[in-house]
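Inspection log for the structure reproduced underneath, given as structure tokens.
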Amino acid sequence: MRKQTKAIRTQTKKTHYREHSTPLFLTSSFTFESAEQGKAIFDETEVGNLYSRFSNPTVQEFVDKVCLLEDCEDGIATATGMAAVFASMAALLKSGDHILACRALFGSAHQIITQIISKWGITYTYLDHDATEAEWDAAVQLNTRMIYLETPSNPGLDLVDLEMIGRVSKKHNLIFNVDNCFASPALQNPADYGADLVVHSATKYMDGQGRVLGGVVVGKKEYIKEVRFFCRQTGPSMSPFNAWVLTKSLETLNLRMEKHAANALALATALDKHPNVKMVKYPFLPSHPQHDLAKKQMSAGGAIVTIDLEGGFQRVSAFMAELEIASLSSNLGDTRTIVTNPYTTTHAKLKPEEKIALGITEGLIRISVGLEDVEDLIEDFTNAVTVSAKSGILE
Ligand SMILES: *Cc1c(COP(=O)(O)O)cnc(C)c1O
């Protein structure tokens, strides 16, 4: 089956009620037919649901769909994207291990690596997104166990060559772990390039409508076994209600991502020509420094466009005040277009030199392009960049 069919036709086994849409198993626990069955499920001679911290049919349906969409064998859902990132590291790394990561990371992933797992004696090395294969090879230490990266990155839209990292991981026997949130499984499948684990914030495009939080780790059985043990004991489980929302959303993921990407490309193209915009970055714009790589590993450029505006925070503020359609929020991946100033919000905690290294300038605007009519978006943004440039800030 092809992706769209898989996403739509995978469903929990029909109950005796013969429902068409998937049922919601909003229950904390499950009953046993007999004392013998309780014993058998607990000693794992019989497979069955016990308690929703361990497993739940609605949550499992969501996981099954993500596995199919990501070409992965197994997976586990979590309450949030960060719980998925943390579980993928905490379950597989131990004191004394070393993690190699690309510098361009989501803020909280950076905090987990530098402030949390580092307390437990797990060391790290950061490399630039465009480091060469020889540089990655040279950074591998005897105790290196995992490579972790995000592509495209948030908010820099930098890419890492998945095929190359797949080779490096294989050569040195490392666990290759990718945050595939920005592309979503509709546009990019890291497992096809040798990724052992793929993590997602389902809060973003999987929901795609700004309603629920969720996360998921999918990948090779042997690693998911460890992640599952970690999650079952420590309890970052996904709510069945959120799973029900998310599993229905996956049925429209491909369709939404196509439209998101078409809107994003059209908006990026319009702003690229605009005299009052200093820089526009979008993976499928020919001006993106890694455009060829984007074309190779992504089927479309995704829904995030960044622009850089001259005039510091004052200009950012004037620009945001002028927008009539786009929302001001720190979230992304919604049907509604959202703008964020990472310098003062999502990445405010980074040191100035860290911001510079990631291309996070004061005037950087991250646009999460929604599903509105793109002509309205182009008008809204061109008006806001023009009016804010004329407000006297730039003189
Ligand atoms: C939002 C986001 C996360 C974190 O997900 P939550 O669901 O908010 O915990 C992780 N990685 C990326 C790239 C994100 O955009």
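The values are calculated or read from the model by the stated rules, or taken from the named source; none is laboratory data. All figures in this text were calculated on a predicted structure; none of them were measured in a lab. Here the Cβ positions follow ideal geometry from the backbone for every residue, glycine too, while neighbour counts run over all protein chains shown. These area figures cover heavy atoms from the full protein model, side chains too; ligands, DNA and RNA do not enter into them. Shrake-Rupley method; radii C 1.70, N 1.55, O 1.52, S 1.80 Å.
Could you give the size of the charge dipole of segment 3-252 about its Cα centre, using +1 on the Cβ of each K and R and -1 on the Cβ of each D and E, expressed in debye and rounded to the nearest 20?
Using Cβ point charges on Lys, Arg, Asp and Glu, segment 3-252 gives about 620 debye.
I need the shape label for segment 113-162. Rule: rounded when a/c is under 1.5, else prolate if a/b > b/c, else oblate, with a, b, c from the alpha carbon gyration tensor. List each step's numbers first, then the result.
Numbers: a/c = 2.73, a/b = 1.28, b/c = 2.13.
Verdict is oblate for segment 113-162.
Distances over 25 Å make up what percent of all Cα-Cα pairs in segment 218-327? Walk me through the numbers on the way to the answer.
Details: 2953 of 5995 pairs.
The share of Cα pairs beyond 25 Å in segment 218-327 comes to 49 percent.
In segment 172-263, what trypsin sites (Lys or Arg not before Pro) fall in a loop by DSSP, with at most 15 other Cβ atoms inside 10 Å?
Loop-located and lightly packed - R211.
Gap in Å between the Cα centre of segment 342-393 and the Cα centre of segment 194-208?
Between the Cα centre of segment 194-208 and that of segment 342-393, the gap is 24 Å.
Go through segment 352-395 and name the trypsin sites (Lys or Arg not before Pro) that are in a DSSP coil and have 15 or fewer other Cβ atoms within 10 Å of their Cβ.
Within segment 352-395, the qualifying trypsin sites (Lys or Arg not before Pro) (loop, at most 15 other Cβ atoms within 10 Å) are K390.
With a cut-off of at most 12 other beta carbons within 10 Å, and DSSP calling the residue loop, which chymotrypsin sites (Phe, Trp or Tyr not before Pro) in segment 173-275 qualify? Please list them.
On the way: sites: F176, F182, Y193, Y205, Y223, F229, F230, F241, W244; in loops: F182, Y205.
Nothing satisfies the criteria.
For the chain, compute Rh as the Kirkwood radius over C-alpha pairs and then the Stokes-Einstein diffusion coefficient at 37 °C and 0.692 mPa s; write the answer in µm²/s, rounded to an integer.
D, rounded to a whole number, is 150 µm²/s.
For segment 1-108, with only Lys/Arg (+1) and Asp/Glu (-1) charged at the beta-carbon, what is the dipole magnitude about the Cα centre, in debye rounded to 20?
Roughly 540 debye, rounded to the nearest 20.
Which shape class applies to segment 41-196: rounded if a/c is under 1.5, otherwise prolate when a/b exceeds b/c and oblate if not, where a ≥ b ≥ c are the square roots of the Cα gyration tensor eigenvalues?
Prolate.
Identify all lysines with a Cα-Cα distance to K351 below 17 Å; exclude those on the same chain that are fewer than 8 residues away in sequence.
The reachable lysines, counting only those whose Cα sits under 17 Å from K351, number zero.
Given a 1.4 Å probe and the protein chains all in place, what does the accessible area of F42 round to, in Å² to the nearest 10?
130
Which entries of K119/K349; K6/K94; K13/K225 have Cα-Cα distances beyond 29 Å here?
As for pairs spanning more than 29 Å Cα to Cα, those are K6/K94.
Taking the alpha-carbon centroid of each part, what is the distance from segment 312-340 to segment 216-275 in angstrom?
About 22 Å separates the Cα centre of segment 312-340 from the one of segment 216-275.
Which whole-number percentage describes the relative contact order of the chain, with Cα contacts under 8 Å and a sequence gap of 6 or more?
17
By the scheme Lys and Arg +1, Asp and Glu -1, what is the net charge of all other residues having a beta-carbon under 13 Å from that of H200?
Summing Lys and Arg as +1 and Asp and Glu as -1 gives -2.
Rounded to whole Å, give me the distance from the Cα center of segment 110-125 to that of segment 1-41.
39
Taking only the Cα atoms of segment 1-100, how large is their convex hull per residue, in Å³?
Looking at segment 1-100, the number lands at 167 Å³ per residue.
Restricting to the chain, compute how many DSSP beta bridges are antiparallel as a %, nearest 5. Please list the in-between numbers first.
Working: 22 of 41 bridges.
Restricted to the chain, the bridges split so that about 55 percent are antiparallel.
With every protein chain left in place, what is the accessible area per residue of the chain in square angstrom, probe 1.4 Å?
44
For K390, give me every one of the lysines with a C-alpha distance below 25 angstrom, ignoring sequence neighbours fewer than eight places off in its own chain.
Within the straight-line limit of under 25 Å, K390 reaches these lysines: K273, K278, K281.
Report in % the part of the accessible area of segment 253-389 that belongs to carbon and sulfur, leaving out ligands and nucleic acids; probe 1.4 Å.
Working: 3050 of 5740 Å².
Looking at segment 253-389 in its full context, I get 53 percent from C and S.
Please report, largest first and rounded to whole Å, the three semi-axes of the ellipsoid equivalent to segment 253-389, where each semi-axis is the square root of five times an eigenvalue of the C-alpha gyration tensor.
The three semi-axes for segment 253-389 are 22, 18, 15 Å.
Putting +1 on Lys and Arg Cβ atoms and -1 on Asp and Glu Cβ atoms, find which of P275, L157, A84 reaches farthest to the positive end of the dipole of the chain.
Looking along the dipole axis, the top candidate is A84.
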